[in-house]
Amino acid sequence: MVTIMTSDNLAKALINVQKDLKPVPRTQENPFAGTKYASLDDIMAVLRPLLVENDLALVQDPVTKKEGDTVSIGINTVLIHSSGEQMSFGPLFMILEKGAKMNMAQSAGSVITYAKRYAISAIFGIVTDDDTDGVQPQVKAQQRSSKRSAQSKQPVSNEPLASKELQKKINDAATAICTLSNNRTNEYFKSVLLDAQKAGGYNNLKTATQAQANKAYEHLKAFYKQVRHNQGLDQATKQAEQQSQVHWGQQ
């Protein structure tokens, strides 16, 4: 829902911001999907100078709501012009879930950061970009060529790469842990896979060796058993296990 308190000056300022706004470079890497994404810091580094230039202030405050046993955290976003005009958006709500490796305060902080990023991106129509802004095409081509050349000089392992079946087992195991922990957020899923990556000693599952992937898989099995132990195998845990349809952790 959008609430507007007079808008002539604010509307002009918002149009100017979107007119001058460049794609936000993605500086954060997702090693599992082989993609990059823009963090809240990335977005604000590009957006903040334009807000100042156009006499705009951005205010975001968290709110909560509870429906039964479900708690959600929302973000209200308000744009304020130096003339006093305001435009309010929201709130944008996301469900708060406690993970096995995060306490409630950490989970709340994560949800707030996600909601802030999504709200700002939606309001300003922000588009992220892998390339650095302002770099000429020929320079970009040289950078890509240099990167490929550097990669080609890296030592090549003779060990076989992880099989597709083992890669799927690792992803299924991470999904099972998220289900068992009652935390199905994308961020928690990534953190579980990141722990497995560190245990296996690889940078990308697609290029991991069979031995590295086996180490990661064994780590996830141990992690799964630890979560089951911590939860005491109560009724909620048993239901989560049935939903996950992965029972290797009991072997």
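Residue 59: without any contact (Cβ under 8 Å) to a residue 24 or more places away in the chain, outside any strand (DSSP E or B) and β-branched (Val, Ile, Thr), yes or no? No, not satisfied. Does segment 28-42 contain at least one residue that is modelled with pLDDT of 90 or more and not acidic (Asp, Glu)? Within segment 28-42, none of the residues are modelled with pLDDT of 90 or more and not acidic (Asp, Glu). Screening residue 184 on (1) free of Cβ contacts under 8 Å to residues at least 40 places away in the same chain; (2) surrounded by fewer than 19 Cβ atoms within 10 Å (Cβ to Cβ); (3) of a type outside the set (Ser, Thr, Tyr) shows it passes everything except condition (1). Listed by first and then second residue, the pairs linking a residue in segment 82-94 that is touching a residue at least 60 places away in the same chain (Cβ under 8 Å) and surrounded by 17 or more Cβ atoms within 10 Å (Cβ to Cβ) to a residue that is among the polar types (S, T, N, Q) and in a loop (DSSP other than H, G, I, E, B), with Cβ atoms under 8 Å apart and 6 or more places separating them unless they lie on different chains, are 85/6; 85/7; 87/7.
The residues in segment 62-79 that are of a type outside the set (S, T, N, Q), part of a strand (DSSP E or B) and free of Cβ contacts under 8 Å to residues at least 40 places away in the same chain can be counted, and the count is 6. Number of residues in segment 9-30 that are of a type in the set (S, T, N, Q) and in contact (Cβ under 8 Å) with a residue 40 or more places away in the chain equals 3.
So, of the residues in segment 192-251 that are among the acidic types (Asp, Glu) and modelled with pLDDT of 85 or more, which turns out to be surrounded by the most Cβ atoms within 10 Å (Cβ to Cβ)? Restricting to residues being among the acidic types (Asp, Glu) and modelled with pLDDT of 85 or more, the top hit is 195. Applying a threshold of 7 Å to beta carbon distances and a minimum spacing of six or more residues, or different chains, the list of pairs starting in segment 150-175 at a residue that is modelled with pLDDT under 70 and ending at one that is among the polar types (S, T, N, Q) reads 157/209. Annotation note: of 24, 71, the sole residue that is under 22 Å from the mean Cα position of the chain (by Cα), over 17 Å from residue 126 (Cβ atoms) and at pLDDT below 95 is 71. If residue 92 satisfies all but one of (1) under 22 Å from residue 41 (Cα atoms); (2) outside any strand (DSSP E or B), what's the number of the condition it fails? Looking at each condition in turn, residue 92 falls short on (2).
The values are calculated or read from the model by the stated rules, or taken from the named source; none is laboratory data. The structure presented is a predicted model; accordingly, all values stated were derived computationally and were not measured. Every residue, glycine as well, gets a Cβ built from its backbone with ideal geometry; the counts of neighbours run over all protein chains shown.
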